[in-house]
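The values are calculated or read from the model by the stated rules, or taken from the named source; none is laboratory data. Computed from a predicted structure; not experimentally measured. Quick reminder, even Gly has a Cβ in these numbers, built from the backbone with ideal geometry, and neighbours come from all protein chains shown. Surface accessibility is based on the protein's heavy atoms, side chains included, excluding ligands, DNA and RNA. Shrake-Rupley method; radii C 1.70, N 1.55, O 1.52, S 1.80 Å.
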Amino acid sequence: MTRPPVPPFTPETALRKVRLAEDGWNTRDPEKVALSYTADSHWRNRAEFVDGRDAIVAFLRRKWARELDYRLIKELWAFDGNRIAVRFAYECHDDSGNWFRSYGNENWEFDEEGLMRARHASINDLPIAESDRRYHWPLGRRPDDHPGLSDLGF
């Protein structure tokens, strides 16, 4: 299975890969998102280690069951060959209505087919008031005219 764009990345293809990842995660569809990763993909997400697509699906189901109204923006930080580094921020709330903005960085490594075989994420959570939210688009893909992280000052 090929998942374009494939490495080695150019500035244009790295930007496209990041946007496709953001769009996928904003679907909040664990099965769809997991198809972007190799069958034996290895993740470090905060202090949790996740190996393989089945574990990715389970992880994402748990994540989106507790992170409600999840909206994410990713931004390319750097790339070289088959690796991409991104920074990101997402907003969500828990089942008690408490809002959070989570900031982080990810390092990605891709196989020759464009599937991600490694994902290392460092993430910090910040409680925010609902009035401090900055992501107000309807659930799903971020509109093309919505500001990115740098535009929002994040």
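For residues in segment 123-154 being surrounded by 10 or more Cβ atoms within 10 Å (Cβ to Cβ) and hydrophobic (A, V, I, L, M, F, W, C), which is farthest from the chain's Cα centre (by Cα)?
Filtering first and then ranking leaves ILE128.
For GLU113, work out the one condition from (1) within 16 Å of the chain's Cα centre (by Cα); (2) touching a residue at least 24 places away in the same chain (Cβ under 8 Å) it doesn't fulfil.
For GLU113, the failing item is (1).
Just to verify a result, which residue in segment 1-47, among those that are among the basic types (Lys, Arg) and outside any helix (DSSP H, G or I), is farthest from ASN82 (Cα to Cα)?
ARG28
Can you name every residue in segment 13-32 that is in contact (Cβ under 8 Å) with a residue 24 or more places away in the chain and aliphatic (A, V, I, L, M)? So that I can check it myself, show each step before the final result.
To start, the set of residues in segment 13-32 that are in contact (Cβ under 8 Å) with a residue 24 or more places away in the chain comprises 14-15, 17-19, 21-23, 25-28, 30-31.
Correct list: ALA14, LEU15, VAL18, ALA21.
What residue, of LEU68, LEU60, LEU72, LEU35, is more than 20 Å from PHE110 (Cβ to Cβ) and in contact (Cβ under 8 Å) with a residue 24 or more places away in the chain?
LEU68
Within segment 97-104, is even one residue on the phi < 0 side of the Ramachandran plot, surrounded by fewer than 18 Cβ atoms within 10 Å (Cβ to Cβ) and aromatic (Phe, Trp, Tyr)?
Yes, because at least one residue in segment 97-104 is on the phi < 0 side of the Ramachandran plot, surrounded by fewer than 18 Cβ atoms within 10 Å (Cβ to Cβ) and aromatic (Phe, Trp, Tyr).
When segment 14-57 is examined, which residues are found to be modelled with pLDDT of 95 or more, over 14 Å from the mean Cα position of the chain (by Cα) and open to solvent by 40 Å² or more (accessible area, probe 1.4 Å)?
Across segment 14-57, the qualifying residues are GLU31, ALA39, ASP40, HIS42, GLU48, PHE49, ASP51, ARG53, ASP54.
Could you check how many residues of segment 109-122 are surrounded by 16 or more Cβ atoms within 10 Å (Cβ to Cβ) and not aliphatic (A, V, I, L, M)?
Of the residues in segment 109-122, 6 are surrounded by 16 or more Cβ atoms within 10 Å (Cβ to Cβ) and not aliphatic (A, V, I, L, M).
Give the residue, chosen from GLY104, GLY114, that is under 19 Å from LEU152 (Cα atoms), of a type in the set (Gly, Ala, Ser) and modelled with pLDDT of 95 or more.
Just one listed residue meets the conditions, GLY104.
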